[in-house]
1. Inside the stretch 214-227, can you point out the residues that are touching a helix residue (DSSP H, G or I) at 6+ places or on another chain (Cβ under 8 Å), open to solvent by 30 Å² or more (accessible area, probe 1.4 Å) and assigned to a helix (DSSP H, G or I)?
2. Just one of W36, W98, W18 is more than 25 Å from L260 (Cβ to Cβ), touching a residue at least 60 places away in the same chain (Cβ under 8 Å) and not hydroxyl-bearing (S, T, Y); which is it?
3. Which pairs do you get when a residue that is within 6 Å of the ligand (Cβ to nearest atom), found in the stretch 216-230, comes within reach of a residue that is open to solvent by less than 60 Å² (accessible area, probe 1.4 Å) and assigned to a strand (DSSP E or B), reach meaning Cβ atoms under 6 angstrom, with the pair 6+ apart or on two chains?
4. Out of A250, A281, A271, A257, I need the residue that is touching a residue at least 24 places away in the same chain (Cβ under 8 Å) and either in contact with a Gly (Cβ under 9 Å, 6 or more places away or on another chain) or hydroxyl-bearing (S, T, Y) (or both). Which one?
5. In the stretch 29-60, how many are open to solvent by less than 50 Å² (accessible area, probe 1.4 Å) and either part of a loop (DSSP other than H, G, I, E, B) or modelled with pLDDT under 95 (or both)?
6. Which condition number in (1) out of contact with any Phe, Trp or Tyr (no Cβ under 6 Å at 6 or more places or on another chain); (2) within 14 Å of the ligand (Cβ to nearest atom); (3) open to solvent by less than 40 Å² (accessible area, probe 1.4 Å); (4) outside any helix (DSSP H, G or I) is the one that P71 fails?
7. Here are the criteria: (1) touching a Leu at 6+ places or on another chain (Cβ under 9 Å); (2) open to solvent by less than 30 Å² (accessible area, probe 1.4 Å); (3) within 10 Å of the ligand (Cβ to nearest atom). Tell me which single one Y16 does not satisfy.
8. Mind checking which residues of the stretch 26-48 are within 9 Å of the ligand (Cβ to nearest atom) and among the β-branched types (V, I, T)?
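The values are calculated or read from the model by the stated rules, or taken from the named source; none is laboratory data. Just so it is clear, the structure is predicted and the values come from calculations on it, not from any experiment. Don't worry about glycine lacking a Cβ; one is built from the backbone with ideal geometry, like all the others, and counts go over all protein chains shown. Each accessible area value is taken on the protein alone, full model and side chains, heavy atoms only, with ligands, DNA and RNA left out. Shrake-Rupley method; radii C 1.70, N 1.55, O 1.52, S 1.80 Å.
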Amino acid sequence: KGRRAFIAGVADDNGYGWAIAKSLAAAGAEILVGTWVPALNIFESSLRRGKFDDSRLLPDGSLMDIAKVYPLDAVFDNLEDVPEDIKSNKRYAGSSNWTVQEVADSVKKDFGSIDVLVHSLANGPEVTKPLLETSRKGYLAALSASSYSYVSLLKHFLPIINPGGSSISLTYIASERIIPGYGGGMSSAKAALESDTRVLAFEAGRKNKIRVNTISAGPLRSRAAKAIGFIDMMIDYSIANAPLQKELSADEVGNTAAFLASPLASAITGAVIYVDNGLNAMGVGV
Ligand code: NAI
């Protein structure tokens, strides 16, 4: 039976969200994506102009089809939350219905229900600053965009996720081990996301029979990761020190998401699943 997935946080073909969309599409799911408003125009025009066609290729030779792209800004739950300067910002004024609640309403109107909800987004304006130099505003912004955005997405989509459905987010080991350079409260934001994964698994499991898991992914040269500034070093470190000495591909994370979304994972919920070539299991660098 055809399942339907909504993946929040796809704005190019380099990140985990794109790879997860592909793996879910390869498993037969219909794909809807949520794209950050400021990135919407360039993503849609690149899609239209065929810029992503090579990376849309699925194992069976067909091209991944994205049934619909929704503009989304996951730091706003509804219109009342949106400040004037954003409302009048040219890029935001150019599209509509991009708060979390409005996107959930639009998906309901367009498609009725979904089976899989993916949160593949994060933002920390002060990520390059050490925690001791992070402002309250920067810290709370990291939590708002990277942690509460997931609570809000799940809360608003839950009524339209079919029972037996699955929800997945992306986290990073900086939540539990010291990773110098992953600053601005982003380590705190991932710790919150992992804790929330357990509590939300309980609440959504009891109430709606929905599973909630998070993938702790190894380093990938995505747009977001390049902005942090140490991604090449983290990739080299992993290749040098992880049990599996190879570069992690986004598809390996995508395939894990497809597994977690499938009935093969029907007893897995509230879990942090490491997809990192085993680096998390090491106690020392070698
Ligand atoms: P990415 O740049 O492909 O994805 C991040 C997305 O978040 C972008 O599309 C961006 O437009 C979107 N976004 C930012 N603020 C938003 C907002 N307020 N509303 C809606 N969308 C917003 O980068 P990547 O690295 O694939 O990130 C996906 C997830 O994977 C994130 O949660 C990240 O923390 C996580 N992750 C990434 C790792 C890496 O090395 N790249 C390692 C472990 C986890």
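1. Within the stretch 214-227, none qualify.
2. Only one candidate qualifies: W98.
3. Note: pairs meeting the criteria are A217/L170; A217/V275.
4. It is A250.
5. 4
6. Going through (1) out of contact with any Phe, Trp or Tyr (no Cβ under 6 Å at 6 or more places or on another chain); (2) within 14 Å of the ligand (Cβ to nearest atom); (3) open to solvent by less than 40 Å² (accessible area, probe 1.4 Å); (4) outside any helix (DSSP H, G or I) one by one, P71 breaks only (1).
7. So Y16 meets the others, but not (2).
8. Residues satisfying the conditions are T35, V37.
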